[in-house]
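Visitor: Dropping the structure in here first, questions after.
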Amino acid sequence: MKNIIYITGHRNPDTDSICAAIAYAEFKNKTGKIPAIPIRLGEVNRETQFILNYFNVEKPELVNTVKTQISDLDIDIVAPISPDISLKMAWSIMRKNDTKTLPVIDDNDRLAGVASVSNLASSYLDVWDNSILAKSNTTLENILDTLSAKCVYKPNGTFKITGKIIVSAMHPESTKSIIEVGDVAICGDREDSQLLIIDSKASLLIITGNHSPTDGVIELAKTNGCTIIETPYDTFTASRLITQSIPINHVMSKKNIISFNSDDFIDEIKSIMIETRYRSYPVIDENNKVVGSISRYHLISENRKKVILVDHNEKTQSVLGLEDAEIIEIIDHHRIADVQTGSPIYFRNEPVGSTSTIVANIFFENGIRPSKGAAGLLCAAIISDTLLLKSPTSTLVDELTLNKLSQIANLNIEEFAKEMFKAGTSLDGKTAEEIFYQDFKPFTLNTFKIGVSQVGTMYIEGFEPLKGDMIELMEKKAKEGGFDIILLMLTDILNGGSVLIAAGEHKDVISKAFDVTLTDDGVYVPGIVSRKKQIIPPITAALSKLK
């Protein structure tokens, strides 16, 4: 979609990532000129879903990539044409719209073919076929339009040409030798020739020069079932133009049509364009209905998707195709990592416990009150990310902001937190994979590839039956993903500590980083609840000593 700002958190989104994106989209829509929509890069976890349900908010749209698509470009919007319009009409539309091709649609508005200038030219450059009107089932309306003619007489029933085209510019006796039943005859003002043509059972008499037939000619036409029209053009011009009345479906391309879908990615269609080299290509939607046409010049100044990153600034954690997008803002509370931009942007990074704290204060600093729903989401995210202000990442700013938001949301913080943690931390019925990917983030630390998953729970004892499956999953992830260390933080929300389970070639670094001994690849470390502040820094320091 053109002129849209996509606001996204990180992959394997947590509550802060989702809620910050939704709330910041509300802020941008209240203050900006370009519409903003929140998106997500994965499925929401139980906690987040509980929060969305509680405040009656829809979860953001799932997006897999922000690579540039055809729908992002200003493609040519040309109304598709009907297959029964004349060549003359098609050429007129091409000139009016300064285009060389036109999509042709069927009765259901779906792509049926493509008409191009070369199609029109071939109808003149090929050996002329004087039976072309009959073969193409040209309509009387097309002939009248092409010759700027008016109908003098038409018998009842369906108009149909079955013969060839002749020009009666000779003596009537000579015309008699060539005219046949069902022919189309172009004639001047000679009444004897007109009577001969009608008497020979011609299907259509075209009288040129704006000459009107006599009553006797019309009466004979009624007797013989011959249609009569008169045109202002002379005989030469009329004979030259009449083949332009054939319907476009007789010459258009119908087979092996190359078209693109509006959701196709630009880097995928470039090679097809290079190989085929047509002037333009129809663009259709998911229902095969034509929405426009695209040419090579559209790719020169391709419009990139506009993206705002919240709750992360690390490329490996972000949406696929980010290098093809235009990052216009970053709102985060993590370390500054490796996302690069081509020009200066608004980058707000603060050492607070939650990105939602920053988003809330952006509202307040601009004198804007978040809606009750947005305030509730921001409250929930702050509670989640700071473990109800118990995390070492929590600050006075988080506390003050949470209290201010709770008044807007009319929320009892303590009671809501209990409900939220209870709904989100149960491990019952979850597989090892569901638990592990609930909040997994990759990092690059001193050239080492690290993956850390954090899961908060009020029922830490419920994890024991899953431990074997979890270690197997983590070892597989480390091997297949090229991770030096994979770490699971199973955080005890009530007691303020975490079980650390490690896998990977350098998992012993965990013992050195936290001065603990891993037993069966795991150990409980009291007081450790923050991945950002208590896990990543010690691991970084321990890894630096390996060099």
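Visitor: Any residue in region 143-150 that is within 51 Å of the chain's Cα centre (by Cα), aliphatic (A, V, I, L, M) and part of a helix (DSSP H, G or I)?
Guide: yes
Visitor: Right, another one. Scan region 14-40 residue by residue and report those that are modelled with pLDDT under 95 and buried (at least 19 other Cβ atoms within 10 Å of the Cβ).
Guide: The one that is modelled with pLDDT under 95 and buried (at least 19 other Cβ atoms within 10 Å of the Cβ): Asp14.
Visitor: With (1) in contact with a helix residue (DSSP H, G or I) (Cβ under 9 Å, 6 or more places away or on another chain); (2) over 30 Å from Leu144 (Cβ atoms); (3) surrounded by fewer than 21 Cβ atoms within 10 Å (Cβ to Cβ) as the list, and Thr99 as the residue in question, which single condition is left unmet?
Guide: If we test Thr99 against (1) in contact with a helix residue (DSSP H, G or I) (Cβ under 9 Å, 6 or more places away or on another chain); (2) over 30 Å from Leu144 (Cβ atoms); (3) surrounded by fewer than 21 Cβ atoms within 10 Å (Cβ to Cβ), just (2) comes out false.
Visitor: Further question: Just one of (1) out of contact with any Phe, Trp or Tyr (no Cβ under 8 Å at 6 or more places or on another chain); (2) charged (D, E, K, R); (3) not assigned by TED's automatic domain parsing to the domain that holds Ser17 trips up Lys449, so point out which.
Guide: With (1) out of contact with any Phe, Trp or Tyr (no Cβ under 8 Å at 6 or more places or on another chain); (2) charged (D, E, K, R); (3) not assigned by TED's automatic domain parsing to the domain that holds Ser17 applied to Lys449, the lone miss is (1).
Visitor: Assigned to a loop (DSSP other than H, G, I, E, B), closer than 17 Å to Thr68 by Cβ and in contact (Cβ under 8 Å) with a residue 24 or more places away in the chain, is that true of Asn287?
Guide: no
Visitor: Now a separate question. Could we say that Ile77 is among the hydrophobic types (A, V, I, L, M, F, W, C) and touching a Gly at 6+ places or on another chain (Cβ under 6 Å) here?
Guide: Spelling it out, Ile77 is indeed among the hydrophobic types (A, V, I, L, M, F, W, C) and touching a Gly at 6+ places or on another chain (Cβ under 6 Å).
To keep it simple, each residue is scored yes or no on (1) touching a residue at least 60 places away in the same chain (Cβ under 8 Å); (2) of a type outside the set (Val, Ile, Thr); (3) under 29 Å from Phe416 (Cα atoms).
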| site | (1), (2), (3) |
| --- | --- |
| Glu326 | no, yes, no |
| Ser356 | yes, yes, yes |
| Leu378 | yes, yes, yes |
| Ser384 | yes, yes, yes |
| Leu389 | no, yes, yes |
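Visitor: Here is a further query. Could you list all residues from region 422-478 that are of a type in the set (D, E, K, R) and more than 35 Å from the chain's Cα centre (by Cα)?
Guide: Lys422, Asp428, Glu461, Glu464, Lys467, Asp469, Glu472, Glu475
Yes/no per residue for (1) modelled with pLDDT under 85; (2) over 30 Å from Val117 (Cβ atoms); (3) small (Gly, Ala, Ser):
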site: Ile269; (1), (2), (3): no, no, no
site: Gly292; (1), (2), (3): no, no, yes
site: Ser301; (1), (2), (3): yes, no, yes
site: Lys305; (1), (2), (3): no, yes, no
site: Asp311; (1), (2), (3): no, yes, no
site: Leu322; (1), (2), (3): no, yes, no
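Visitor: Right, another one. Tally up the residues in region 80-106 that are outside any strand (DSSP E or B) and at pLDDT 85 or above, please.
Guide: 16
Visitor: Now for a separate question. Which of (1) surrounded by fewer than 16 Cβ atoms within 10 Å (Cβ to Cβ); (2) touching a residue at least 12 places away in the same chain (Cβ under 8 Å) does Asn108 not meet, given it meets every other one?
Guide: The single condition Asn108 does not satisfy is (2).
The values are calculated or read from the model by the stated rules, or taken from the named source; none is laboratory data. Being a predicted model, the structure only gives us computed values, none of them experimental. Note that we place each Cβ from the backbone using ideal geometry, even for glycine, and neighbour counts take in every protein chain shown.
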